[in-house]
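This report concerns only the one structure given below.
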Amino acid sequence: MKKTLFALAGALALSAMVIGCGGSKTAENGVDELAISTTAKSEGNIKKIRPKETVTLDVYSQLANYSGMQTGWFADLMLAKFNVKINIIPDTGGAYQTRMEAGNLGDIVVWGDNTDKYSAACKKGMLLDWEEDNMLAQWAPYINNNMKLALQKNKFMDSPDKKLHGYGFNVSTSAKDIQEFFYTWDLRFDLYEQIGKPEINTLDDMVDVLAKMKEICPTDDNGKPTYGVSLFNDWDGNMVMYVKSLATAYYGYDEFDFGLFDPDTGKFYDCLGEDSPYLHTLKFINKLNQKGLVDPDSMTQKYGGMSEDYQNGTAFWNIFNWMASGAYNTDAHVQSGKAMYPVLPKDAHPIVYGQSVYGGNRLWTIGAKTAYPELCLAIINWFSTPEGYMTIEYGPRGVCWDIKDGKTYFTELGKKAQADQNNTEMPAPYKGSFHDGAFQINNTTWCKDSHNPLTTNETYNKTNWESEQLPAQSDIEARWREWAGATTPNRYMQKSNYRVSPGSLFTGAGVPDDLTMKWNQVAECIKNETWNAIYAKTDAEYDAIVAKMISDAKSYGYDDCIAHSLKQAEKRAAAEKLAKAQ
């Protein structure tokens with residue numbers, strides 16, 4: 001593996017040099033001329049490939065949280081541009097196995113990762129080879145010209161048949177850049193002010209802060225009891241999502257199989273070991289629960305229930321940069337002096353992800369049985385153009401956003417949509433609210449924080465646009481800025497002792513067939529007992545549950561799973577060491 005990895009890395013590095021030497025030119029205004037020319041060429045191909053009769057394409061997406069026809073403004077746009085309707089098929093109810101047995105995965109196929117299920121589809125010949133009959137160059141010129149390293153990674157590393165089937169999400173224009181911070185530790189700053197803004201050095205300090213907040217704000221907007229945090233179980237995998245994510249947000253170690261991976265040292269911490277960050281953050285959440293600071297519905301409620309809690313001010317703290325503050329910071333709350341902003345414990349080392357020119361593990365591919373291979377490729381290509389990406393993210397150009405003199409800006413409608421998607425009606429010829437047309441395939445093409453070549457040194461991320469560098473929009477935002485010594489959450493987080501997880505060529509091997517049964521049993525044990533430990537009423541009960549979790553997990557084959565993970569962690573460490581040296 002190491003020889004293959006280093007040989008391929010050298011080849012891809014050489015490719016990068018060749019691309020750089022013979023690639024795009026930049027005009028005096030800083031706009032990439034190749035990006036413009038290949039986008040224009042793509043538009044020409046769209047006219048050639050557009051079917052005369054309306055076509056319905058099945059999009060099987062392992063990332064989708066939605067089932068059925070794409071609706072709203074995005075559906076209207078796809079119909080006008082490509083004369084297609086999009087039918088979203090999520091990965092639920094055994095969809096993968098059913099479609100594999102039927103021999104047809106769909107027209108466009110989006111993968112949640114690039115491991116065992118993707119490999120099986122390649123080996124069974126169920127995915128289109130993009131290089132067949134020169135289709136890539138003809139129908140996806142923008143991808144062909146601008147994502148060469150991501151394409152080569154898919155062909156030579158992701159795909160066991162060594163054919164080009166697509167590329168991974170979040171492609172970057174530069175390997176040296178980092179993404180926006182994902183873990184920002186959002187806290188009800190108005191309540192934090194009221195209790196005197198005490199120092200938060202450790203997780204234990206956070207327990208005291210949340211307890212004091214509940215004392216001064218015992219009920220939410222609807223008169224229901226408040227809590228420090230609200231959780232949910234939809235996204236639990238090998239471990240309970242929020243517990244392992246908190247370990248990532250606090251220690252800066254990335255989730256990895258049944259544990260966490262330190263990107264600085266390459267060390268793997270198994271989740272049930274003596275020095276386990278997972279058990280540390282689990283104990284912290286149990287401390288919150290023993291003080292009545294965990295929403296008691298957390299174990300049974302889904303994402304929607306958690307989201308409602310933050311909308312209503314039921315919970316005061318959340319580690320994600322969008323999950324809580326995005327729901328709570330409405331105009332009504334902010335104008336009344338209430339808002340959530342980042343407040344980071346001083347000894348935290350939040351992780352931030354590096355950008356990758358190779359793309360990530362969530363793949364864009366096309367089913368081999370599609371009747372419309374060129375059309376599917378042209379659609380993915382448009383998704384991958386700067387305008388296509390911006391449309392998916394922010395709405396139609398000229399309606400919600402535009403670019404002038406190399407600078408991006410929102411229209412008045414676009415500003416309204418960003419503030420309140422549900423209640424922003426789209427103008428004719430589009431139908432419904434902005435939210436009604438949200439992109440339901442749920443995958444990305446470019447990394448949001450990479451350079452938009454249609455602009456002068458701006459990224460796709462609105463937080464970095466010159467037009468969005470505004471004065472504080474409220475008194476509470478002004479006070480948070482003064483306290484934080486920064487104008488935005490991302491700039492505040494950049495001042496922290498963060499760790500960078502670099503984008504690399506590492507591809508996980510997935511779970512071997514002979515380990516699958518053990519793996520699934522261990523995962524169920526860890527998830528179930530973690531939730532039981534969260535709700536333990538005393539330290540003694542907590543210790544007994546954790547001891548049982550460790551014992552039961554080992555009886556199911558935990559040590560065998562960890563042995564597999566340790567080998568994979570060594571390969572990841574080698575790949576990331578190589579990436580850092582680029």
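The values are calculated or read from the model by the stated rules, or taken from the named source; none is laboratory data. Fair warning: this is a prediction, and the values are worked out from it, not measured in the lab. For neighbour counting, all protein chains shown are included, and Cβ atoms are generated from backbone atoms with ideal geometry for every residue, glycine included. Surface areas here come from the heavy atoms of the whole protein model, side chains and all, with no ligands, DNA or RNA. Shrake-Rupley method; radii C 1.70, N 1.55, O 1.52, S 1.80 Å.
Brief remarks follow.
- Among (1) polar (S, T, N, Q); (2) in contact with a helix residue (DSSP H, G or I) (Cβ under 7 Å, 6 or more places away or on another chain); (3) open to solvent by less than 50 Å² (accessible area, probe 1.4 Å); (4) more than 29 Å from S496 (Cα to Cα), the one test that Q421 misses: (3)
- Here L344 meets the list (1) in contact with a Phe, Trp or Tyr (Cβ under 6 Å, 6 or more places away or on another chain); (2) part of a helix (DSSP H, G or I) almost entirely, failing just condition (2).
- A count restricted to region 152-202 and to residues that are among the small types (G, A, S), surrounded by fewer than 19 Cβ atoms within 10 Å (Cβ to Cβ) and more than 22 Å from the chain's Cα centre (by Cα) stands at 1.
- Subset of region 368-388 (residues that are under 24 Å from the mean Cα position of the chain (by Cα) and open to solvent by less than 10 Å² (accessible area, probe 1.4 Å)): C376, L377, I379, I380, N381, W382, F383, S384, T385, P386, G388
- Residue within region 114-130 that is touching a Pro at 6+ places or on another chain (Cβ under 8 Å), touching a residue at least 24 places away in the same chain (Cβ under 8 Å) and of a type in the set (G, A, S) present: yes
- Residues in region 340-353 that are within 15 Å of E482 (Cβ to Cβ) and surrounded by fewer than 23 Cβ atoms within 10 Å (Cβ to Cβ): 1 in all.
- Considering the conditions (1) touching a residue at least 24 places away in the same chain (Cβ under 8 Å); (2) open to solvent by less than 70 Å² (accessible area, probe 1.4 Å); (3) of a type outside the set (V, I, T); (4) farther than 30 Å from K197 by Cα, K577 is excluded by exactly one of them, (2).
- Hey, A536 open to solvent by less than 30 Å² (accessible area, probe 1.4 Å) and either outside any loop (DSSP other than H, G, I, E, B) or of a type in the set (A, V, I, L, M, F, W, C) (or both) or not: yes
- As a summary of the residue check, C447 satisfies the conditions (1) under 27 Å from W364 (Cα atoms); (2) open to solvent by 30 Å² or more (accessible area, probe 1.4 Å) except for the one numbered (2).
- Of all the numbered requirements in (1) charged (D, E, K, R); (2) in contact with a helix residue (DSSP H, G or I) (Cβ under 8 Å, 6 or more places away or on another chain); (3) closer than 23 Å to N361 by Cβ, K123 misses one, and that requirement is (2).
- Flag if T487 is out of contact with any Phe, Trp or Tyr (no Cβ under 8 Å at 6 or more places or on another chain), in a loop (DSSP other than H, G, I, E, B), at pLDDT 95 or above and farther than 30 Å from I89 by Cα: no
- Test for I46: is it in a helix (DSSP H, G or I), modelled with pLDDT under 55 and surrounded by 12 or more Cβ atoms within 10 Å (Cβ to Cβ): no
- Checking each residue in region 303-333 for being more than 22 Å from P218 (Cβ to Cβ) and either polar (S, T, N, Q) or part of a helix (DSSP H, G or I) (or both) picks out Y303, G304, N321, G326, D331.
- In region 426-439, the residues that are in contact (Cβ under 8 Å) with a residue 12 or more places away in the chain and more than 8 Å from G72 (Cβ to Cβ) form Cβ pairs under 7 Å with partners that are buried (at least 16 other Cβ atoms within 10 Å of the Cβ) and among the acidic types (D, E), at six or more places apart or across chains, as follows: P429/D76.
- Residues satisfying the stated conditions in region 137-151, i.e. under 27 Å from the mean Cα position of the chain (by Cα) and open to solvent by less than 50 Å² (accessible area, probe 1.4 Å): A140, P141, Y142, I143, N144, N146, M147, L149, A150, L151
- For region 217-243, taking the residues that are open to solvent by less than 30 Å² (accessible area, probe 1.4 Å) and in contact with a Leu (Cβ under 7 Å, 6 or more places away or on another chain), the one that is nearest to Q62 (Cα to Cα) is identified as Y242.
- Among the residues of region 121-140, those identified as in contact with a Ser or Thr (Cβ under 9 Å, 6 or more places away or on another chain) and in a loop (DSSP other than H, G, I, E, B) are L128, W130, A140.
- A count restricted to region 459-492 and to residues that are under 26 Å from A175 (Cα atoms), more than 20 Å from the chain's Cα centre (by Cα) and crowded, with 21+ Cβ neighbours inside 10 Å stands at 1.
Yes/no matrix, rows are residues, columns are (1) part of a helix (DSSP H, G or I); (2) among the acidic types (D, E); (3) over 16 Å from D295 (Cβ atoms); (4) without any contact (Cβ under 8 Å) to a residue 60 or more places away in the chain:
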residue	(1), (2), (3), (4)
I143	yes, no, yes, no
A150	yes, no, yes, no
M157	yes, no, yes, no
W185	no, no, yes, no
N201	no, no, yes, no
G223	no, no, no, yes
D234	no, yes, no, no
G237	no, no, yes, no
K244	yes, no, yes, yes
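- Test: residue in region 310-319 that is at pLDDT 95 or above and within 30 Å of L149 (Cα to Cα): no
- Test: residue in region 283-302 that is polar (S, T, N, Q), open to solvent by 70 Å² or more (accessible area, probe 1.4 Å), in contact with a helix residue (DSSP H, G or I) (Cβ under 9 Å, 6 or more places away or on another chain) and not in a loop (DSSP other than H, G, I, E, B): yes
- Residues that are farther than 17 Å from Y372 by Cβ and either in contact with a Phe, Trp or Tyr (Cβ under 9 Å, 6 or more places away or on another chain) or among the polar types (S, T, N, Q) (or both), drawn from region 76-98: D76, L77, P90, D91, T92, A95, Y96, Q97, T98
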